[in-house]
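This report concerns only the one structure given below.
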Amino acid sequence: MINMKKLDHFIDGAFVAPHSEDYFSNVDPATGKEIGKVAAGDAQDIDDAVAAARRAFDGPWATMSLGQRLDALQRVAHGIRARFDEFLEAEMGDTGKPRAFASKVDIPRGAANFEFFATIARAMEESAYQTETRDGRGAVNYVTRNPLGVVGVISPWNLPLLLLTWKVAPALAAGNTVVVKPSEETPATASLLAQVFNDAGVPKGVYNVVHGYGPDAAGEALTKHPDVAAITFTGETRTGSAIMKACAPHIKDISFELGGKNPAIIFADADLDAAIAGTARSTFSNTGQVCLCSERVYVERPVFDEFVDALAARAKNLNVGDPFDDATEMGPLISHDHRQKVLAAFQSAVDSGAEVVTGGGIPDVGRKFAEGAFVEPTIWTGLDHNASVLRDEIFGPVCHVMPFDTEEEAIALANDTRYGLCAAVWTNHLSRAHRMAHAIDAGLVWINSWFLRDLRTPFGGVKLSGIGREGGRHSMDFYTETKTVCVKL
Ligand code: NAD
Ligand code: 6OD
């Protein structure tokens, strides 16, 4: 059985201690208090997990029919829902997320990802082509999809269960087995999920979890393991670059969802109330720790002052503090280390000449949360576009608002970045909306919305924001290899 206070690895269907016998501390970022210990995985633990995953891939998982496998994944979805409160508590303990957010976003999507990919995999078609031949008898080519083998899943801390299951569910639905290395900051829901897999009767070795750090530890060992066919990774661009190098010797397949520095563009013809509410969401949701958050906001000059005042009013009115209070809208950052980085960005903005419209410091959240990693929701104006805080991802509850005069200028500013994950455009001008969507270099453009997801659509970024697309059949394309069979008639 699982011990949530001392999280072991989960290998071959059992919770096991790390070879090193080392554990590190897991801290609740809302209180700064230790909530448990976590196994510090190394290359030996990864070896064990990969071997177990390979045995399951060659054995019980492969001998189950597609229907049996997908039914098992449906049972995992039900299992998450049945333990909803445990998942919620585990996710909130690791991240300090407000209950209002985690209960509506993280945990429901954890279950929905399994349900969705079980449905998608059942509906995947395979193709066939008839070829003419000189003898007139012809040939038939048919194309099959085949799983890759053992897939390594490396996930970040910002939406732990959501982003882990976004990869695990399609990988398993396609017939692979997985070794998961969750973020060291947020290990709990990956472990709880292991219990759900066992309860759902999924064969041992199909889902394995090795906890621990990335560089010189479990994460790196997974990327270098010769028996791992593919790595699917969500996290920082710099980490993606290191993983790409590690995967090169074995030519592993890779799928990367990386950082962003996303623009929101507000035209004077927009429904301003909707644009203000939408930009408050896209800047401050999850304490700004969503890769899709808007850290650069561009507003057409006639409505600039009104927009800034209204956004600032919303920022000042956000309820920041106790994650368990249903009225709380913003929790802490993930850790004190991360808060230091965000506070350094706050200082850098001031040093670069920013006008701080609101925020910029540490809020008073009361004695109980005084050791938490909280920062104020923050808005700047007045920076030069070359300021480093406008070039580099901050991953905190902060945006810079800048005026623009023409559509061309808005496009140039939006594209003046090394990243290209997403953008949000607010306008009621139909043709302009489509022109903007076409002109912006990003994997995803929202018009008059943000974070609205249809899981069938491809998700991913251009430039430094990633490689490949996941979502619906695009995930199935990544997690399978096609094989063409040509039959001469
Ligand atoms: P991170 O890159 O620091 O860590 C992510 C994971 O990689 C962790 O599990 C970590 O242990 C592991 N890791 C670190 N170094 C490694 C190495 N050398 N080899 C193997 N594994 C290694 O990212 P984070 O701080 O956890 O997450 C925040 C970042 O993730 C932000 O940049 C954010 O934009 C990005 N993100 C992107 C998306 C997207 O869909 N594009 C989604 C969420 C988060
Ligand atoms: O909703 C999703 O499927 C997804 N991949 C979201 C990514 C959010 C980044 O933080």
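A compact table of results
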read-out: Accessible surface, per residue, of the chain when the full set of protein chains is kept, probe 1.4 Å, Å²; value: 40
read-out: Whole-percent carbon and sulfur share, accessible surface of the chain, 1.4 Å; value: 51
read-out: Helix 106-122 vs. the chain, principal-axis angle (Cα, 0 to 90°, nearest 10); value: 40
read-out: DSSP bridge pairs, the stretch 262-454: antiparallel proportion in percent, nearest 5; value: 10
read-out: Two-decimal log10 I(q)/I(0) for the stretch 262-454, as the Debye equation yields it once each C-alpha is a single scatterer, q = 0.10, 0.19 Å⁻¹; value: -0.38, -1.33
read-out: Computed lengthening from Arg435 to Asp269, 0.36 nm per intervening residue step minus Cα-Cα distance; value: 58.3 nm
read-out: Reachable lysines, given that their alpha-carbon falls under 21 Å from the alpha-carbon of Lys483 and they are not under 8 places away in the same chain; value: Lys252
read-out: Qualifying trypsin sites (Lys or Arg not before Pro) for the stretch 57-138 [loop in DSSP, other Cβ within 10 Å: at most 10]; value: Arg134, Arg137
read-out: Asp199/Val140 FRET efficiency (R0 41 Å; Cβ-Cβ; nearest 0.05); value: 0.40
read-out: Length released on extending from Lys6 to Ala248, taking residue separation times 0.36 nm less the Cα-Cα span; value: 83.6 nm
read-out: Loop sites in the stretch 119-210: GluC sites (Glu not before Pro), DSSP, at most 14 other Cβ within 10 Å; value: Glu125, Glu126, Glu132
read-out: Förster-model FRET efficiency, 60 Å R0, Glu371 and Ala128, C-beta, rounded to 0.05; value: 0.45
read-out: Karplus 3J(HN,Hα) series, Hz, for the stretch 352-357 with 6.51 cos²θ - 1.76 cosθ + 1.60 (x for Gly, Pro); value: 7, x, 5, 8, 8, 6
read-out: Residue-wise HN-Hα coupling along the stretch 218-223, computed from phi with Karplus coefficients 6.51, -1.76, 1.60 (Hz; x: Gly, Pro); value: 3, x, 5, 4, 5, 5
read-out: Cα centroid separation - the stretch 305-365 against the stretch 102-132, whole Å; value: 37
read-out: Antiparallel DSSP beta bridges within the chain, percent to nearest 5; value: 40
read-out: Links that overshoot a 26 Å alpha carbon limit, given the list Lys5/Lys181; Lys97/Lys261; Lys181/Lys204; Lys97/Lys224; value: Lys97/Lys224
read-out: Residues with amide H under 5 Å from that of Ser449, placed H, sequence gap 5 or more; value: Val425
read-out: Positive-end residue of Val140, His385, Thr177, charge dipole of the chain with Cβ unit charges; value: Val140
read-out: Whole-angstrom gap from the stretch 430-489 to the stretch 25-59, using each part's C-alpha centre; value: 31
read-out: Label zone at Asp71, where the point sits 7 Å out along the Cα-to-Cβ direction: the stretch 114-129 residues whose backbone N lies under 19 Å; value: 114-124
read-out: Protection-proxy order for peptides 350-359, 441-450, each taking the mean of Cβ atoms within 10 Å per residue, highest first; value: 441-450, 350-359
read-out: Loop sites in the stretch 17-121: chymotrypsin sites (Phe, Trp or Tyr not before Pro), DSSP, at most 16 other Cβ within 10 Å; value: none
read-out: Long-range HN-HN contacts of Val16 with modeled amide H, under 5 Å; value: His9, Phe10, Ile11
read-out: Nearest-ten-degree value, helix 188-199 long axis tilted from longest Cα axis of the chain; value: 30
read-out: Karplus-derived HN-Hα couplings along the stretch 360-372 (A = 6.51, B = -1.76, C = 1.60, θ = phi - 60°), whole Hz, x at Gly and Pro; value: x, x, 10, x, 8, 10, x, 5, 4, 10, 4, 8, x
read-out: Label-point gap, in nm, between Cys486 and Ala313 - each point 7 angstrom along Cα→Cβ; value: 6.9
read-out: Estimated 222 nm signal from helices in the chain, with DSSP H stretches of n ≥ 4 weighted -39500 (n - 2.57), rounded to 500; value: -11500 deg cm²/dmol
read-out: Extreme residue, positive dipole direction of the stretch 415-489, given options Cys422, Trp446, Phe478 (C-beta unit charges); value: Phe478
read-out: Cut-off under 5 Å, modelled amide H: who pairs with Val27 long-range; value: Ile35
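The values are calculated or read from the model by the stated rules, or taken from the named source; none is laboratory data. The structure presented is a predicted model; accordingly, all values stated were derived computationally and were not measured. Positions of Cβ are generated from backbone atoms using ideal geometry, with glycine treated the same way; all protein chains shown enter the neighbour counts. Side chains included, ligands, DNA and RNA excluded: accessible areas come from the protein's heavy atoms. Shrake-Rupley method; radii C 1.70, N 1.55, O 1.52, S 1.80 Å.
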